[in-house]
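K.L.:
Can you keep this structure in mind? I'll have questions shortly.
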Amino acid sequence: MKKVLIVLFCSLFFVGCGKAEYKNITAKEVFEEVDKSDYFILDVRSSLEFKQGHIEEAVNVDVEELNENIFDLIPNKDRKILVYCQSGNRSKIASERLASYGYTHVYNMVGGISAYDEVS
């Protein structure tokens with residue numbers, strides 16, 4: 001009986017510790033359908049890339065510097081966060097990280113600003 005309870009407890013514990021999730025969103029959806037004022041827009045490219053052009057109202061935090069200090073910038077874990085980079089690779093990493101920190105509404109813009117520039 002004791003072994004059964006231990007197995008049951010471990011099973012429930014690991015089910016609750018699933019992979020943190022985020023949602024993918026296309027650049028076209030962002031451009032045509034999303035009210036960007038409802039989102040915290042996070043550009044995870046380098047500061048040099050950011051200076052060369054970015055989505056209006058975006059805040060730049062290089063993916064290499066994205067850590068738990070993000071709570072100071074975005075204290076509300078239920079805030080909608082739109083994450084983008086140049087092509088989508090770094091924003092995927094950043095979105096996974098934000099979700100693992102407990103943010104519940106993280107949206108990764110697939111294709112990055114390159115795709116956004118094509119539809120805008």
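The values are calculated or read from the model by the stated rules, or taken from the named source; none is laboratory data. Quick caveat: nothing in here was measured; it's all calculated off a predicted structure. FYI the Cβ positions are ideal-geometry reconstructions off the backbone, even for glycines, and counts take in every protein chain you see. Side chains included, ligands, DNA and RNA excluded: accessible areas come from the protein's heavy atoms. Shrake-Rupley method; radii C 1.70, N 1.55, O 1.52, S 1.80 Å.
K.L.:
How much accessible area per residue does the range 34-92 have, counting only protein heavy atoms and a probe of 1.4 Å, in square angstrom? Before the final figure, lay out each step's value.
P.N.:
Values: 3390 Å² over 59 residues.
Per residue, the range 34-92 has an accessible area of 58 Å².
K.L.:
Next up: Could you list which residues have their amide H under 5 Å from that of residue 42, counting only those 5 or more apart in sequence or on another chain, with H placed in the peptide plane?
P.N.:
Answer set, sorted by chain and number: 59, 82, 83, 84.
K.L.:
If R0 is 25 Å, what FRET efficiency do you get for residue 101 and residue 48 from their C-beta distance, rounded to 0.05?
P.N.:
With a Förster radius of 25 Å, E is 0.45.
K.L.:
Follow-up. Please report the net charge: other residues with Cβ closer than 12 Å to the Cβ of residue 94, K and R +1, D and E -1. Kindly include the intermediate steps, with their values, before the conclusion.
P.N.:
Working: positive: 45, 90, 92, 97; negative: 43, 62, 64, 65, 96.
Cβ neighbours under 12 Å give a net charge of -1.
K.L.:
Could you tell me the accessible area of residue 38 in Å² (1.4 Å probe, neighbours in place), rounded to the nearest ten?
P.N.:
Solvent-accessible area, nearest 10 Å²: 80 Å².
K.L.:
So, one more: Assuming R0 = 22 Å, what is the FRET efficiency of residue 78 and residue 28, from their Cβ-Cβ distance, to the nearest 0.05?
P.N.:
The formula returns an efficiency of 0.30 here.
K.L.:
Using a 1.4 angstrom probe and counting only protein chains, how large is the accessible area of residue 42 in Å², to 10?
P.N.:
We get 0 Å² for residue 42.
K.L.:
Right, next: Could you sort 61, 83, 119 by accessible area so the largest value comes first, with the probe set to 1.4 Å?
P.N.:
119, 61, 83
K.L.:
Turning to a different aspect of this structure: Could you tell me the relative contact order of the range 16-120? Use alpha-carbon pairs under 8 Å, at least six residues apart, and round to a whole percent.
P.N.:
39 percent.
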